[in-house]
Amino acid sequence: MTLALVCTSHSPLLEFNNPPPEVRTEVDRAFAQARQFIEEYDPDLVVSFAPDHYNGFFYKLMPSFCIGFEASGVGDFGSSAGRLDVPSALAEQMAQSVLDQGVDIAVSLEMEVDHGAVQPLEILLGGIATKPVIPIFVNSVAAPFAPMKRIRLLGEAVGTFLKNFDGNVLLLGSGGLSHDPPVPRLEAATGEQRKMLLGCNHPTAAARAVRQQRVIDTAKAFTRGEAGIMDLAPEWDRQLLDILASGELERLDAWTAKEMAATAGNSAHEVRTWVAAHNALKAAAGQYTVTSEYYRPIPEYIAGFAVTTAVPVHKTAGLR
């Protein structure tokens, strides 16, 4: 077993709202560097920690965590629709191991994943079915949220299971960093929005198009300084990246959902996927080192945007 990690922000706005050319060039360069990292590592399995944005998971039944035994992309924001290549038997073994380690996790025999999971697979691996992938949903949008310690313990349980995997594993975390896009929240939802959040009416292509346009319009207004959403929080983003790079992930246990939202936006909770992925690496392989890091606050994407790669320290030492 060997492991490597890539964590990346995602944004439904990548193809719909352009930042200045030099910024887009930076982002493309960061993605290219991560792609090269993955190509050279050549994973046999991808374990994807990702959120959902009320496309596959709804308040009718909202788990904190869920492992997909089978999964399909829903095709929102132009992302790919269709089946992921999920090794079902291995996913089932992982779920049982996580439960045996004391972390309650739901399972799905028909998981639906949106751009939060699909976009990194497309950009970094060339498609949603180019590699076997086990999708792990981490609730990052629908309050109430699991404490950060539970996120860390989820990653630890997954990493402990992966110790026995015979092959190269890529841990993939998708989301964040600071951002506050116009995602409806239950406490302020209209009647129609509440039905959507509950999953009473599964999102149609037309409904997704309306949501998509609302996000695009908000991003354009935000870039002009006119949107009524929270500003990005570069200092918070930097602090998070530094803690993740240090490997001292227990420091994040004290972070509360209320404080995270108040400081970095209601969708900053997506960094839970990064915490789980990093602690899976730590649990399976010990100390790790960040081998590349890109970060920039990008208002056109409504995100503190980051792309990082990491490997175990012993692997780095072996390459010298």
Checklist outcome for this item: Charge tally for neighbours of Ala268 with beta carbon under 13 Å away, counting Lys, Arg as +1 and Asp, Glu as -1, is -4
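Once the Cβ-Cβ distance between Lys220 and Glu192 is put in as r, and R0 is 25 Å, what FRET efficiency do you end up with, to the nearest 0.05?
E(calc), rounded to 0.05, equals 0.55.
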Item to check | Distance from region 194-241 to region 116-133 (C-alpha centre basis), Å | outcome: 22 Å
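Charges only on Cβ, +1 for Lys and Arg, -1 for Asp and Glu: so what's the dipole of region 2-313 about the Cα centre, in debye to the nearest 20?
Dipole about the Cα centre, nearest 20: 560 debye.
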Checklist entry - Residue separation times 0.36 nm, minus the C-alpha to C-alpha distance between Leu61 and Lys149: what's the value? => result 29.4 nm
Item to check | Computed FRET value (nearest 0.05) for Ala89 with Val23, which takes r as the C-beta separation and R₀ as 56 Å | outcome: 0.80
Item to check | Inter-site label distance for Gln213 and Ser292 at 7 Å from Cα along Cβ, in nm | outcome: 3.8 nm
Item to check | Cα gyration tensor category, rounded, prolate or oblate, for region 2-313 with a/c compared to 1.5 | outcome: rounded
Item to check | region 1-83: Rg to Rh, with Rh as the Kirkwood radius over Cα pairs | outcome: 1.00
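Given Cβ point charges of +1 (Lys, Arg) and -1 (Asp, Glu) and nothing else, what value in debye, to the nearest 20, does the dipole of region 148-225 about its Cα centre take?
With only Lys, Arg, Asp and Glu charged at Cβ, the dipole is about 160 debye.
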Item to check | Sequence-distant aspartates and glutamates (8 or more away, or on other chains) whose Cα lies within less than 14 Å of Lys195 | outcome: Glu187
Checklist outcome for this item: Placing each pseudo-label 7 Å from Cα in the direction of the beta carbon, Arg238 and Val313 end up separated by a distance in nanometres of 2.6 nm
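Given a cut-off of 22 Å, name the pairs among Lys60/Lys220; Lys149/Lys282; Lys163/Lys282; Lys149/Lys258 whose C-alpha atoms lie farther apart than that in the structure shown.
Lys60/Lys220
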Item to check | Glu248 paired with Asp104, simple spin-label distance in nm, labels 7 Å along Cα-to-beta-carbon | outcome: 3.2 nm
Checklist entry - Is the shape of region 68-153 rounded, prolate or oblate, going by the alpha carbon gyration tensor and its root eigenvalues a ≥ b ≥ c, with a/c under 1.5 for rounded and a/b larger than b/c for prolate? => result oblate
Item to check | Lys/Arg +1, Asp/Glu -1 at C-beta; region 2-313 dipole; positive extreme among Val169, Thr309, Val107 | outcome: Val107
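A short reminder: the numbers here are calculations on the coordinates, not readings from a lab. Given the structure is predicted, the values throughout are model-derived calculations rather than measurements. When we count neighbours, we look across all protein chains shown, and the Cβ atoms used for this are built from the backbone with ideal geometry, even at glycine.
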